[in-house]
1. Name the single residue, out of those in segment A:213-229 being touching a residue at least 40 places away in the same chain (Cβ under 8 Å) and away from every other protein chain (no Cβ under 12 Å), that is farthest from ligand 1 (Cβ to nearest atom).
2. Being surrounded by 17 or more Cβ atoms within 10 Å (Cβ to Cβ) and within 14 Å of another protein chain (Cβ to nearest Cβ) narrows it down to one of A:VAL190, A:VAL266, so name that one.
3. With respect to A:GLY144, is the statement that it is more than 9 Å from every other protein chain (Cβ to nearest Cβ), touching a Ser or Thr at 6+ places or on another chain (Cβ under 7 Å) and open to solvent by 20 Å² or more (accessible area, probe 1.4 Å) true?
4. Evaluate segment A:159-170: report whether one residue or more is under 30 Å from B:ARG145 (Cβ atoms) and touching a residue at least 60 places away in the same chain (Cβ under 8 Å).
5. Of the conditions (1) open to solvent by less than 10 Å² (accessible area, probe 1.4 Å); (2) part of a strand (DSSP E or B); (3) within 27 Å of A:GLY188 (Cβ to Cβ), A:PRO131 satisfies every one except a single condition; which number is it?
6. Could you check B:ARG33 against (1) outside any loop (DSSP other than H, G, I, E, B); (2) open to solvent by 60 Å² or more (accessible area, probe 1.4 Å); (3) closer than 26 Å to A:ASN201 by Cβ and say which number it fails?
7. Which of the residues belonging to segment B:43-95 are away from chain A (no Cβ under 11 Å), of a type in the set (Phe, Trp, Tyr) and open to solvent by 10 Å² or more (accessible area, probe 1.4 Å)?
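The values are calculated or read from the model by the stated rules, or taken from the named source; none is laboratory data. Fair warning: this is a prediction, and the values are worked out from it, not measured in the lab. For neighbour counting, all protein chains shown are included, and Cβ atoms are generated from backbone atoms with ideal geometry for every residue, glycine included. In case anyone asks, the SASA skips ligands and DNA or RNA and just uses the protein heavy atoms, side chains included. Shrake-Rupley method; radii C 1.70, N 1.55, O 1.52, S 1.80 Å.
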Amino acid sequence: MVKSTKPVPDSMTPAPFRVTARRQDLADTFTIELEAADSPRGFAFRPGQFNMLYHFGVGEVPISISGDAGAGKLIHTIRDVGAVTHGLSTLKKGDMVGVRGPFGSAWPVDAAEGSDVVIVAGGIGLAPLRPAIQHVLDNRDRYGRFVILYGARSPKDVLYLPELQSWRGRLDTYVDVTVDHAESGWAGNVGVVTKLIERANFDATHAVAMLCGPEIMMRFTVAELTARGMDRGDIHVSMERNMKCAVGHCGHCQFGPKFVCKDGPVFPYGEIEALLKARGV
Amino acid sequence: MVKVEGLDKLLAEHPFFDGMNEDMRKTLSGCARNERFGPGEFVAHEGDPADRFYFVRAGAIALEFHVPGCNPIVLETLHGGEVFGWSWLVPPYAWTYDIRVLELTRLISLDGACLRKKLNKDHELGFELYSRFVPVMAKRLSSARLQLSDMYGRPCKKGE
Ligand SMILES: Cc1cc2nc3c(=O)[nH]c(=O)nc-3n(C[C@H](O)[C@H](O)[C@H](O)COP(=O)(O)OP(=O)(O)OC[C@H]3O[C@@H](n4cnc5c(N)ncnc54)[C@H](O)[C@@H]3O)c2cc1C
Ligand code: FES
């Protein structure tokens, strides 16, 4: 992963990328691997940033970068929820897609060095956090305890299961997974993701938390983390709003006085707490 | 067989009793029993008389609903440091779900009838115990609501 936030030269014109691989992760979620069609140059991004993916003839959507496959290949994990994401779900190896980006703020992986790191993800929210997880694992000796907590709807909705298992297999990482409902064959936890926080071992006064998932989950998670003694400034959340330009011009992603595309999507919780609690923002 | 002093020590180690006055805890340990269950065993079945209340010391259990003709649905899993079984507090004193053990689990149980007798005599102890129950129940209720909200499902359309 190269450290630069600069978008590709013309941030309003999608660059053509070719699909080099496609995997169906869950019934409604898939991962595509992309490579720049003209010059397969390195794609510089920071964990937490997103791209605008343009499905020709259908439209454009913001999608977080969920990893790099090396050699300048980009990875996006996408949930098929509507017109554009459904269009993207039909892409096959060799098909083309337009890419603008990377845009937005990043997870504070550098600032978190020397601290415990607590990742709390819900549903597809694990995708934008995966580059941050990878970064911590690749530089494991720079961080204190590393805790990954993940909640999904049911066992068949658990994203990146093989990776969760391999992270859990490491002696230096604590991984706990829960689902909202399950049949009795499931050997894991059942209950909300906030419950996992009680059992995880980290020093709340020397930790940085990174949260991504439904806003309601993030609100409850923040309540649990602050009850444990964490400072709001050490909790970072990734926000989603509809987007169009992605560069702070159109106002589509406005969230109170902030633009999610430019000031976010990753915010220190203290900065947006009031907005999250306000109705209709 | 664990003696009452031993049981008091086990109760003292459980977070539910954090900061509880020693005399009160000792009184409660008179109703306590140390228990151990293996994976697949049931602590209770729906409809059974609810005469005990449990503190999980270590292990994992599942609260389940039996659905005729289908696999049971797991409502929640509980681990060390948690408590379960309020049914002894409320008539008709019957379990409202099955309790299945997921892995080797150590529990301390309190006898409901014994407790009711003590609480009737000692209201201060009753108040102390209820003050500890209520936050746990409130948290469980709030978690259950969050679980029901299907928060990982589709968010609503603007204005929906
Ligand atoms: C910064 C940022 C990063 C994002 N990263 C990712 C990512 O990594 N992977 C990913 O799958 N999505 C991600 N999203 C969400 C994604 O952009 C939307 O799901 C997408 O814009 C929906 O467009 P559509 O045309 O497919 O659906 P639309 O036709 O716009 O919507 C169809 C239906 O889906 C619902 N819907 C809209 N958005 C969502 C949503 N986020 N989740 C569930 N249902 C929704 C709508 O309410 C509507 O009912 C991100 C969004 C932002 C702002
Ligand atoms: S998407 Fe246009 S201002 Fe953010």
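1. Top of the filtered list is A:LEU225.
2. A:VAL190
3. yes
4. Among the residues of segment A:159-170, at least one is under 30 Å from B:ARG145 (Cβ atoms) and touching a residue at least 60 places away in the same chain (Cβ under 8 Å), which makes the answer yes.
5. Status for A:PRO131: all satisfied but (2).
6. Of everything listed in (1) outside any loop (DSSP other than H, G, I, E, B); (2) open to solvent by 60 Å² or more (accessible area, probe 1.4 Å); (3) closer than 26 Å to A:ASN201 by Cβ, B:ARG33 misses just condition (3).
7. B:TYR54, B:TRP86, B:TYR93, B:TRP95
Listed here are the residues, each with its yes/no results for (1) facing chain B (nearest Cβ under 9 Å); (2) under 14 Å from A:VAL118 (Cα atoms); (3) open to solvent by less than 30 Å² (accessible area, probe 1.4 Å).
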{"site": "A:THR194", "(1), (2), (3)": "yes, yes, yes"}
{"site": "A:GLU198", "(1), (2), (3)": "yes, yes, no"}
{"site": "A:ASP203", "(1), (2), (3)": "no, yes, no"}
{"site": "A:ILE235", "(1), (2), (3)": "no, yes, yes"}
